[in-house]
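Chemist: Mind looking over this structure? Questions follow.
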Amino acid sequence: MDLRETFATNLRRLRQAKRLSQDDLAYDARISRSYLSQLEKGVFFVSIKVIGKLADTLKVEPEEFLKRVKRSGSK
């Protein structure tokens, strides 16, 4: 899994853990919902500025977005 996919997976996981819709997170982070959707799909690379906005909004440390997710069956 590359970093863009890792970011996308973690963004979606963190947003859902806070029970936020894409619309709500996008509004609170002051980014467009369509851009947020594309980030969650791994279509776009994210900027440091947007990582900061999302981390502040979700109340997590920025590094949470880049933590590798262990896949089941992996060692």
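Chemist: May I ask you to list the residues in region 1-37 that are part of a helix (DSSP H, G or I), under 17 Å from Arg68 (Cβ atoms) and not small (Gly, Ala, Ser)?
Modeler: Scanning region 1-37 gives Leu3, Arg4, Glu5, Thr6, Phe7, Thr9, Asn10, Leu11, Arg12, Arg13, Leu14.
Residue-wise test of (1) out of contact with any Ser or Thr (no Cβ under 8 Å at 6 or more places or on another chain); (2) at pLDDT 95 or above; (3) aliphatic (A, V, I, L, M); (4) surrounded by fewer than 11 Cβ atoms within 10 Å (Cβ to Cβ).
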| residue | (1), (2), (3), (4) |
| --- | --- |
| Leu3 | yes, no, yes, no |
| Ala8 | yes, yes, yes, no |
| Gln22 | no, yes, no, no |
| Ser34 | yes, yes, no, yes |
| Asp56 | yes, yes, no, no |
| Val69 | no, no, yes, no |
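Chemist: Still on this structure, I have one more. For region 38-55, how many residues are assigned to a helix (DSSP H, G or I) and either among the aliphatic types (A, V, I, L, M) or closer than 25 Å to Lys70 by Cα (or both)?
Modeler: Count: 10.
Chemist: Taking region 36-45 only, how many residues are more than 20 Å from Arg19 (Cα to Cα) and open to solvent by 40 Å² or more (accessible area, probe 1.4 Å)?
Modeler: Number satisfying all stated conditions: 3.
Chemist: Quick check on Ala17: is it more than 15 Å from Met1 (Cβ to Cβ), out of contact with any strand residue (DSSP E or B) (no Cβ under 8 Å at 6 or more places or on another chain) and buried (at least 17 other Cβ atoms within 10 Å of the Cβ)?
Modeler: No: the conditions fail for Ala17.
The values are calculated or read from the model by the stated rules, or taken from the named source; none is laboratory data. Just so we're clear, the structure is a prediction, and the values are computed from it rather than from any experiment. With ideal geometry, Cβ positions are generated from the backbone for all residues, glycine too; neighbour counts draw on all protein chains shown. Note: areas computed on protein heavy atoms with side chains; ligands, DNA, RNA excluded. Shrake-Rupley method; radii C 1.70, N 1.55, O 1.52, S 1.80 Å.
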